[in-house]
Amino acid sequence: MIFNKLRINNITLNNRVVVGPMCQYSAENSKPSKWHFNHLKKLSQLGAGALIFESTFPSQDARISKKDLVLSNNKDLKFFKDIVNDIKKLSKIPLGFQISHAGKKGSSHIPWEKFNSPLSKKDGVWKTYAPSAIRRDRYWPIPFELNLKKINKIKKDFVNSAKLSNKSGFDILELHMAHGYLLHQFFSPISNQRNDQYGGTLSKRANLLLEIASDLRKIWPKDKVLGARVTADDCLKNGITINDCLYLVNELKNIGFDYVTPASGGIIPFTKKKIRPCYQVKYCSVLKKKVNIKVYANGMIRTEKEINNIISNKYADFVAVSKPFINDPYWLYKIGNNNKKSLQIDKQYHRCF
Ligand SMILES: Cc1cc2nc3c(=O)[nH]c(=O)nc-3n(C[C@H](O)[C@H](O)[C@H](O)COP(=O)(O)O)c2cc1C
């Protein structure tokens, strides 16, 4: 149930709720800023079983916006080490590093300046790449089709960044293959119309995702945790379905991934996706039934009852919750009144709950 511990390899989650990744668009020169230090330290003290940092990118041209985090060299490493060490002085919470490449969703405005909008020349646009030269949407530029040389460079960048995240002290590595970013662009027939080894059939569209996954498995320590955010449903005619996702997750399991978390929509700005309570749990239950891999559910999961229902019915092993940790930071403390141990409520706060 919600307050049961969960051990994966050598990492123990004190309970079944993790803080999901949330981009802050607040990096300074692509490095964690004072905002990140403050924001992440706060999130580390809210009782969750793990904290996954926002999407971080393996190179400058992989970013979504100018204000995203990049981990690509020893200068960046120093900042990430500092932030991990700072949090670990306050909290024993396991920390996750989410690695992503924006592909054609890159070179965008930060959302509160212009939502879902590409940079123009005067804003300092950069070249974006994708499996095929297909626009994201009407007002988006045509991305450059990736050639094999550039694909190999991207694979190396992922490995380099993942190695640095390990050196920074992260416990969990999550490979982002969803939300319309580069690896999702390769997986989805909506955005991938290649006819080489990276496009065409389902297995070819999955090739790059699985090659990067295998590369990460080789360098990520076995005693830590390795997972992926996958797309279970494009919510579009001719898009990815749960059966495609099952193929991908089976392969990830064979490679040695510890967990997946399914997402939906995102390959174009508007799809038939309907957001309602626990809307992605249905994908988790299929993955759990058919593949022997840990699954966490995410997406509008809000109550103790919902979480207990998900865990006790084995729809998923744990859940991620994002927005509530911002708009009602102590929600988990409130429902965990009798579970001070599993929440690791700091003793300074014991009398307050
Ligand atoms: C501000 C914000 C930033 C987000 N950034 C990321 C991100 O970096 N990586 C990711 O996979 N999901 C990201 N998400 C999606 C969340 O992790 C989560 O899946 C989504 O908000 C649904 O969960 P919730 O209903 O509990 O908020 C973001 C969501 C929000 C609200």
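Here, each number is a calculation from the coordinates, and none is a lab measurement. Quantities reported herein were computed from a predicted structural model and do not represent experimental measurements. Note: ideal-geometry Cβ built from the backbone for every residue, glycine included; neighbour counts use all protein chains shown.
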*Where labels lie 7 Å past Cα in the beta-carbon direction, separation of residue 12 and residue 60 in nm*: 4.5
*asked:* Skipping prolines and chain starts, which residues have an amide H placed within reach, meaning under 5 Å, of the one on residue 226, given they are 5 or more residues away or on another chain?
replied: 173, 258, 259
_FRET efficiency for residue 123 and residue 313, using Cβ-Cβ distance with R0 set to 45 Å, rounded to 0.05_ = 0.40
*Which residues does a label at residue 29 reach in the stretch 35-69, if reach means a backbone N under 16 Å from a point 7 Å past the Cα toward the Cβ?*
35, 60, 67-69
*Note the angle between two axes, namely the Cα long axis of helix 34-44 and the longest principal axis of the Cα atoms of the chain, as a number of degrees from 0 to 90, rounded to the nearest 10.*
50
*List the longest stretch of the chain that has no exposed loop site; here a site is one of the trypsin sites (Lys or Arg not before Pro) assigned by DSSP to anything other than H, G, I, E or B, with at most 12 other Cβ within 10 Å.*
6-91
*With Cα atoms, 0 to 90° folded angle of helix 281-290 axis to the chain main axis*: 90
*Take the chain, connect every pair of alpha-carbon atoms lying under 10 Å apart with a spring to form a Gaussian network, then pick out the residue of 22, 300, 177 with the largest mean-square fluctuation.*
22
*When the chain is treated as a GNM, springs tying every alpha-carbon pair under 10 Å, which of 125, 230, 19 comes out with the largest mean-square fluctuation?*
125
*With springs only between Cα atoms under 10 Å, which of 126, 112, 140 fluctuates most in a Gaussian network model of the chain?*
112
_Students often get this wrong, so check it: of 34/75; 42/88; 224/289; 66/92, which have C-alpha atoms separated by over 21 Å?_
224/289; 66/92
_Under 19 Å from a point placed 7 Å out from the Cα of residue 150 along the Cα-to-Cβ direction: which residues of the stretch 48-75 have their backbone N that close?_
57-66
*Mark the label point 7 Å from the Cα of residue 163 along Cα→Cβ and return the residues of the stretch 52-72 whose backbone N is within less than 17 Å of it.*
58-59, 71-72
*So, in nm, how far is label residue 282 from label residue 86 when the simple model puts each one 7 Å beyond its Cα toward the Cβ?*
4.3
*Where labels lie 7 Å past Cα in the beta-carbon direction, separation of residue 196 and residue 302 in nm*: 4.7
*How far is helix 74-90 tilted off the main Cα axis of the chain, in degrees rounded to 10, range 0 to 90?*
20
